[in-house]
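Since every read-out is calculated from the coordinates, none of them should be taken as a lab result. Computed from a prediction, not measured in an experiment: that's the story for all the values here. Here the Cβ positions follow ideal geometry from the backbone for every residue, glycine too, while neighbour counts run over all protein chains shown.
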Amino acid sequence: MHADEMLQEFFPTITHRAVRLRVDPLNCASRRVLVAEVDGERYDVMQSGEPKAIWVEVPSGDLISYLRAALEQP
């Protein structure tokens, strides 16, 4: 995630042993994604800022594209 220029712009922080990416760093209610490593092959990804949180397990090879799509949504 660190090497991806687009993801670097989403105010990354480390919290609760996970990386949090927030669309608007000045708005705590803005859409955000929390990423936690399950093992070297899988990540748990939680999207919030929706009517309810959405949890998904994402393979490591798909993580960057999944995060880009999740954060580009309006």
Requested in this report: Please give the helix 63-72 orientation as an angle from the longest Cα principal axis of the chain, in degrees from 0 to 90, rounded to the nearest 10.
Outcome: 10 degrees
Query - Farthest toward positive dipole pole in the chain [+1 Lys/Arg, -1 Asp/Glu at C-beta], among P59, T15, V45 - result: T15
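Plugging the Kirkwood radius over Cα pairs into Stokes-Einstein for the chain, at a temperature of 37 °C and a viscosity of 0.692 mPa s, what D comes out in µm²/s?
Values: Rh = 12.4 Å.
After rounding, the answer is 266 µm²/s.
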**Report entry** Estimated dipole of the chain in Debye, rounded to 20 [Cβ of Lys and Arg +1, of Asp and Glu -1, Cα centre]
**Finding:** 340 debye
Query raised in the report: DSSP loop chymotrypsin sites (Phe, Trp or Tyr not before Pro) in the chain with at most 13 other Cβ atoms within 10 Å of their Cβ, which ones?
Result: none
Query raised in the report: What are the GluC sites (Glu not before Pro) within the chain that DSSP puts in a loop, where the Cβ has at most 16 other Cβ atoms within 10 Å?
Result: E9, E41
Query raised in the report: Within the chain, what's the longest stretch lacking trypsin sites (Lys or Arg not before Pro) that sit in DSSP loops with no more than 13 other Cβ atoms inside 10 Å?
Result: 18-51
